[in-house]
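> Input: one structure, supplied below.
The values are calculated or read from the model by the stated rules, or taken from the named source; none is laboratory data. Note that the structure is predicted; figures quoted are calculated from it, not measured. Note that we place each Cβ from the backbone using ideal geometry, even for glycine, and neighbour counts take in every protein chain shown.
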Amino acid sequence: MSNPTQDINGTRASTSSPVAMDARHVLHPWADLRTLGRAESLLVSQATGVEVVDSEGRRYLDAIGGMWCVTVGYGRHELIEAMTEQARRMPYYTPFGDVGSEPAARLAATLAELAPGDLNRVHFTTGGSTAVESAVRIAHYYFASQGRPEKHHVLSLENAYHGSTYLAASLCGKSADRTDFRYETDWIHHLDCPVYDPDVSTVTAAQRLDQLITGMESAIRRIGPERIACFIAEPVLASGGVLVPPPGYHQAARELCRRHDILYISDEVVCGFGRLGHFFAAEARFGIVPDMLVTAKGLTSGYQPLGAVLVADHVADTLTRSADPAKPVFSNGFTYSGHPVACATALANIEVMRRDDICGHVRDVGPYFVRRLRELRSSPIVAAVRGDHLMACVECQVPGEDGPTDRNQALARWVDQYCETSGLLVRPYENLCIMSPPLVVTRGEIDRIVAIMAESLARAEHDLNTGDLS
C-alpha cells in the first residue's frame, strides 16, 4: 500500500495513535526501508463486502481483495460462524504422524473432489509460500527415494512469483525482488517469461509459443533431463504483472515435462478458487492435469491462513513404494498444517462459493472487468492493460520510457495515491497498478473502479506535463 503524502492527506498522526505505533514497531512485508519509522501506513480497521474502512473512518473499494485472497467478500457470517464454532469445539491439535482433525480430513476429501485428474492426496501447509516449498521438496523426495538424488534441479519462469521462504523466493523470477537476501542459484533455472500480449507483440501467438517451447527444450537439453526434478508455473503470472501466456503454452510445457520425466507443479495460489472462473484453472482453463497443484489465498477467502499441495496418486503411491525402510518418515510439515479452524473456514468458504455460484459470477463479470479496463489504454501514460477475468494490471509509462524506470515507478505511485484519495485501493508494484477485487464485485462496482482509475491517470498525466512528478 502506498504511503499518502501530507499535502494529499493532511497532518501527521499523534505519536500515541495506532498509525504511529505501526511506524515505530512494525516491519511490513515489502516495506521501503528508506522510510522505515517515518512512513504513515494506511491502517484498515473494518471491512464489509468489497469495501474497507481505515482507522480514520475513510471508506475504500478494495480492488486488490486484501492480497488476491478475499474472494467471497468481507463480513461473511457463514465463515465467521464456522471459525467460531470450530474454535469453541477444538481450536487446535497436532497434525503430526498419525494424528489429525476432522475438519482437515473433510477438507482434503472436498479438495480431491474439486481437483482435476488423480490429485487426491493433500498435504496442508500454512500459506502459499510454504505450500510451494513443500511441493518442490516432495519432487526432490520423489526422485531421491527412487535412487535418483541428482534429479533435483528446478525450472521456474522469469517474472514468476512463488513466495518468500528461502526456497520459494529463490524460485521467483523478478529481478526487482532480488535484494540483499540469499537465494539458491545452483540448481534453480528461470526460463523465458511466457507472456503474450497481442496489443504490443510483434509476432503471432503461434510464433511466440514456438519460441517459448523451443527455449524450454533447449534449457532441458543444456541442464540434462536426468537432473531436472520439476517445473513450476503459475497459469497466469500474477504479481509479475498479470502476464497471460499464449494459447497452448501450458499444454505444450506439460507434454515436454511428461516426455522428460519432469514433475509439473501448477501454482494456483492466486489463480485458483474462482479468480479465473473455476475452483482450479489448470484443466478447466488450460487443458492440463499437473502432478502437483498448489493452493492458498482464496482457499479460505483470506479469513484464515492456510495452504495446500494437492498431490497426484501416481506421485503419492511412488513415495510410499520407494520410501527408505530405515527412514520412512515424510519429514515435511508445520505446527499449523491443517489447522482445524482454518480447515473449517475453508469448508464454509467452499460451501458459500458453491451455493452462490461464485465461479459462474466470475465468468459473467470477469470479461466485463477486463473490457472496461482496456478502455484506459487511450491514456498516453498507459503502456498496456492486461487481464484475465478478475485479475488485471494497468502498466504506467512516461511516454518514451519502457519498463520500471524511476520515473515510470514514480508515475505509478501517483496514480495509486490519487486512487487512494478517491476511495479506491489498487496494488502498486514497480510501474504496475494491479487489481484483483473480491469475486463478488458487481458491474456497478467495476464501473466505479474504472472511473476512479481514469480520473487518477488524468491527474497523474497532468502532474507529468507540468513537471510536478516526483
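> Residues VAL50, VAL70: which one is within 19 Å of GLY298 (Cβ to Cβ), in contact with a helix residue (DSSP H, G or I) (Cβ under 8 Å, 6 or more places away or on another chain) and buried (at least 22 other Cβ atoms within 10 Å of the Cβ)?
Values: VAL70 fails: in contact with a helix residue (DSSP H, G or I) (Cβ under 8 Å, 6 or more places away or on another chain).
Matching residue, one of VAL50, VAL70: VAL50.
> In addition: With THR405, THR421 as the choices, which residue is in the same structural domain as VAL365 (by TED's automatic domain parsing), at pLDDT 95 or above and among the polar types (S, T, N, Q)?
Numbers: THR405 fails: at pLDDT 95 or above.
Result: THR421 is the single residue among THR405, THR421 that is in the same structural domain as VAL365 (by TED's automatic domain parsing), at pLDDT 95 or above and among the polar types (S, T, N, Q).
> Without any contact (Cβ under 8 Å) to a residue 24 or more places away in the chain and within 16 Å of VAL309 (Cβ to Cβ) - does that describe any residue in the stretch 116-139?
From the stretch 116-139, those without any contact (Cβ under 8 Å) to a residue 24 or more places away in the chain are none; that's our starting set.
Within the stretch 116-139, none of the residues are without any contact (Cβ under 8 Å) to a residue 24 or more places away in the chain and within 16 Å of VAL309 (Cβ to Cβ).
> May I pose another question? Residues in the stretch 292-345 that are closer than 24 Å to PHE231 by Cβ, free of Cβ contacts under 8 Å to residues at least 24 places away in the same chain and not hydroxyl-bearing (Ser, Thr, Tyr): how many?
2
> For the stretch 104-127, state whether one or more residues are closer than 17 Å to THR165 by Cα and either in contact with a helix residue (DSSP H, G or I) (Cβ under 7 Å, 6 or more places away or on another chain) or in a helix (DSSP H, G or I) (or both).
Just the residues of the stretch 104-127 that are closer than 17 Å to THR165 by Cα, to begin with: 124-127.
Next cut, either in contact with a helix residue (DSSP H, G or I) (Cβ under 7 Å, 6 or more places away or on another chain) or in a helix (DSSP H, G or I) (or both) only: 124-125.
Looking through the stretch 104-127, at least one residue is closer than 17 Å to THR165 by Cα and either in contact with a helix residue (DSSP H, G or I) (Cβ under 7 Å, 6 or more places away or on another chain) or in a helix (DSSP H, G or I) (or both).
> Would the stretch 77-91 turn up any residue that is outside any helix (DSSP H, G or I) and either over 26 Å from THR335 (Cα atoms) or out of contact with any helix residue (DSSP H, G or I) (no Cβ under 8 Å at 6 or more places or on another chain) (or both)? Don't jump to the end; show me each part of the working.
Filtering the stretch 77-91 for residues outside any helix (DSSP H, G or I) gives 90-91.
Retained after the next criterion (residues that are either over 26 Å from THR335 (Cα atoms) or out of contact with any helix residue (DSSP H, G or I) (no Cβ under 8 Å at 6 or more places or on another chain) (or both)): none.
Within the stretch 77-91, not a single residue is outside any helix (DSSP H, G or I) and either over 26 Å from THR335 (Cα atoms) or out of contact with any helix residue (DSSP H, G or I) (no Cβ under 8 Å at 6 or more places or on another chain) (or both).
> Another one. Restricting attention to the stretch 110-128, report how many residues are closer than 19 Å to PHE231 by Cβ and surrounded by fewer than 22 Cβ atoms within 10 Å (Cβ to Cβ).
Qualifying residue count for the region: 3.
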